[in-house]
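J.: Below you will find the structure I want to go over with you.
The values are calculated or read from the model by the stated rules, or taken from the named source; none is laboratory data. What you are looking at is a predicted structure, and each value in this text was computed from that prediction instead of being measured. Reconstructed Cβ throughout: ideal geometry from the backbone, glycine too, with neighbour counts over all protein chains shown.
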Amino acid sequence: MHDLRVATRRFSQGLILFPDFFPSDDVKKIRKRLKSIMNLSSEVRNRDIALEHLEDSGEDVLKATLQEERGLHATHFKAALDKWAERDYPKRWRAYLGLDSK
């Protein structure tokens, strides 16, 4: 999860730093989709951190609630990633940039 979040942030920054390589309309769409992915992953990560802090506590009800919420958010996150993969954005971007392997 952490590596995906870091890569997403870096890619987002690349879109800002190198605007000449992407059509501005596409950049807006891409950044919106990346923001959605980051928000979904943040919800999962927030629960992971809370669960780590509560690991040795006796707060079993709270931990169970956080686990349930984490599972729900993880399901939404996975669905978003699956949708992203179906559309094969990386392949389309590589083609656009002329980076297809020949």
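J.: Please identify the pairs in which a residue from segment 80-102 that is in contact (Cβ under 8 Å) with a residue 40 or more places away in the chain has its Cβ atom under 8 Å from the Cβ atom of a residue that is in a helix (DSSP H, G or I) and of a type in the set (S, T, N, Q), counting only partners at least 6 apart or on another chain.
T.: Once the first residue is in contact (Cβ under 8 Å) with a residue 40 or more places away in the chain and sits in segment 80-102, its partners that are in a helix (DSSP H, G or I) and of a type in the set (S, T, N, Q) give A80/S36.
J.: Would you call I16 free of Cβ contacts under 8 Å to residues at least 24 places away in the same chain, of a type in the set (V, I, T), within 24 Å of Y96 (Cβ to Cβ) and assigned to a helix (DSSP H, G or I)?
T.: yes
Quick grid of which residues meet (1) in a helix (DSSP H, G or I); (2) touching a Lys or Arg at 6+ places or on another chain (Cβ under 9 Å):
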| residue | (1), (2) |
| --- | --- |
| V27 | yes, no |
| S36 | yes, no |
| D48 | yes, yes |
| S57 | no, yes |
| T65 | yes, no |
| L72 | yes, no |
| H76 | yes, no |
| L99 | no, no |
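J.: In addition: Counting only residues that are in contact with a Ser or Thr (Cβ under 9 Å, 6 or more places away or on another chain) and farther than 15 Å from P90 by Cα, how many does segment 8-26 have?
T.: Total satisfying the criteria: 0.
J.: Yes or no: segment 73-93 includes at least one residue that is among the aromatic types (F, W, Y), over 18 Å from H2 (Cβ atoms), modelled with pLDDT under 95 and over 20 Å from the mean Cα position of the chain (by Cα).
T.: no
J.: Using beta carbons and a limit of 6 Å, which pairs, at least six apart or on different chains, have the first residue in segment 56-79 and within 15 Å of L40 (Cα to Cα) and the second one among the acidic types (D, E) and assigned to a helix (DSSP H, G or I)?
T.: H73/E43
J.: Being surrounded by 12 or more Cβ atoms within 10 Å (Cβ to Cβ), in a helix (DSSP H, G or I), over 11 Å from the mean Cα position of the chain (by Cα) and modelled with pLDDT of 85 or more, is that true of even one residue in segment 3-10?
T.: No.
J.: Let me ask something else. Within segment 44-64, is even one residue surrounded by 13 or more Cβ atoms within 10 Å (Cβ to Cβ), within 30 Å of R92 (Cβ to Cβ) and under 17 Å from the mean Cα position of the chain (by Cα)?
T.: yes
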